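Student: To start, I am sharing the structure in question, which I have written as structure tokens.
Since every read-out is calculated from the coordinates, none of them should be taken as a lab result. Bear in mind the structure is a predicted one, so any value in this text is a computation, not a measurement. Quick reminder, even Gly has a Cβ in these numbers, built from the backbone with ideal geometry, and neighbours come from all protein chains shown.
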Amino acid sequence: MLSGLHHAEPPLGAVRRFAAAALFVGAAAHTGFLAEVFVETALSTNHEVPARLASDGQPNAEVFRTLDVVAGAAFVLAGPFLLRLAPVHRWGRLTAALVWLYGAVLLTRAALPPECLPQGAGRCADPTGRISELPVLLAGVQYVVSPLVVASWWRGSWKLATRLSFAVQFGLWAWLVVAHVVFDSRFAGLAARTQILVATALFLVGVTYVVRMGTPRRTRRALPRTREVAPCPG
């Protein structure tokens with residue numbers, strides 16, 4: 001008699017494909033604010049951050065909350081699969097954890113959307129410090145921190161992409177701080193939207209990286225292989 005049934009883990013190829021697909025879906029839904037081109041909104045594109053499109057009382061708020069749920073769920077699902085693919089060192093594992101954490105932030109933001117008290121001209125009054133503002137702040141922090149973490153272990157042109165992403169994100173974050181403190185949040189909306197697009201571009205680079213992990217490197221001389229591996233892209 002069999003002493004027990006052992007469920008085999010899915011092969012790395014299946015893990016890689018699922019992780020890449022989940023990242024791609026998350027990246028696509030992450031740019032959900034672009035739906036404001038097609039649906040009615042009441043906020044200024046230039047001056048209000050896109051997270052407030054999902055605020056209570058905003059037209060079509062459910063559309064933007066749904067897109068946050070889709071993106072958040074996709075990133076949360078991708079996290080464990082990326083953890084299996086990540087190199088066995090803290091930076092690779094931290095990268096997978098950050099993807100999962102960002103998904104959790106988006107899901108929390110969908111459940112607790114930020115407030116928007118209209119004050120005319122498509123603007124919201126200054127936040128009153130509600131707990132629902134925390135996911136908005138955490139998302140902004142992640143845009144700056146994530147490229148630094150990934151850059152610590154990616155190599156070659158991959159590292160260049162992360163450094164470029166960090167430079168742009170840090171500049172945009174700095175403008176958001178200055179705009180809020182000095183300029184009554186003028187053009188904060190444009191800066192925040194650009195942040196999302198740059199973060200999405202890095203997610204798509206990550207999709208490419210995961211897919212390339214299964215492609216053997218080209219070498220000048222074929223080397224004997226004792227077991228099948230999924231090399232990291234060079």
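Student: Once the Cα atoms of the range 5-86 are picked out, what are the Rg and Dmax in Å?
Tutor: 17.1, 59
Student: Please rank Leu148, Leu202, Leu53, fewest neighbouring Cβ atoms within 10 Å first, as an exposure proxy.
Tutor: Values: Leu148 15, Leu202 21, Leu53 28.
Placing the least packed residue first, the sequence is Leu148, Leu202, Leu53.
Student: What percent do you get for the relative contact order of the range 12-212 when only Cα pairs under 8 Å and 6+ apart count? All intermediate terms of the calculation are to be shown ahead of the outcome.
Tutor: Values: 293 pairs, mean separation 56.7, N = 201.
Normalised by residue count, the contact order of the range 12-212 is 28 percent.
Student: Could you give the dipole magnitude of the range 12-212 about its Cα centre, charging the beta-carbon of Lys and Arg +1 and that of Asp and Glu -1, in debye to the nearest 20?
Tutor: Working: 16 positive and 10 negative charges, 235 e Å.
So the dipole magnitude of the range 12-212 works out to roughly 1120 debye.
Student: Convert 37 °C to kelvin, take the viscosity as 0.692 mPa s, use the Kirkwood radius over C-alpha pairs of the range 12-212 as Rh, and evaluate the Stokes-Einstein diffusion coefficient in µm²/s, rounded to a whole number.
Tutor: Working: Rh = 17.2 Å.
Answer, rounded: 191 µm²/s.
Student: Rg over Rh of the range 62-171, using C-alpha atoms and the Kirkwood radius, what does it come to? Walk me through the numbers on the way to the answer.
Tutor: Working: Rg = 16.3 Å, Rh = 15.5 Å.
My calculation puts Rg/Rh at 1.05.
Student: Still on this structure: In whole Hz, with x marking every Gly and Pro, tabulate ³J(HN,Hα) for the range 116-123 from phi via Karplus 6.51 cos²θ - 1.76 cosθ + 1.60, θ = phi - 60°.
Tutor: Result, rounded to whole Hz: 8, 9, x, 10, x, 6, x, 10.
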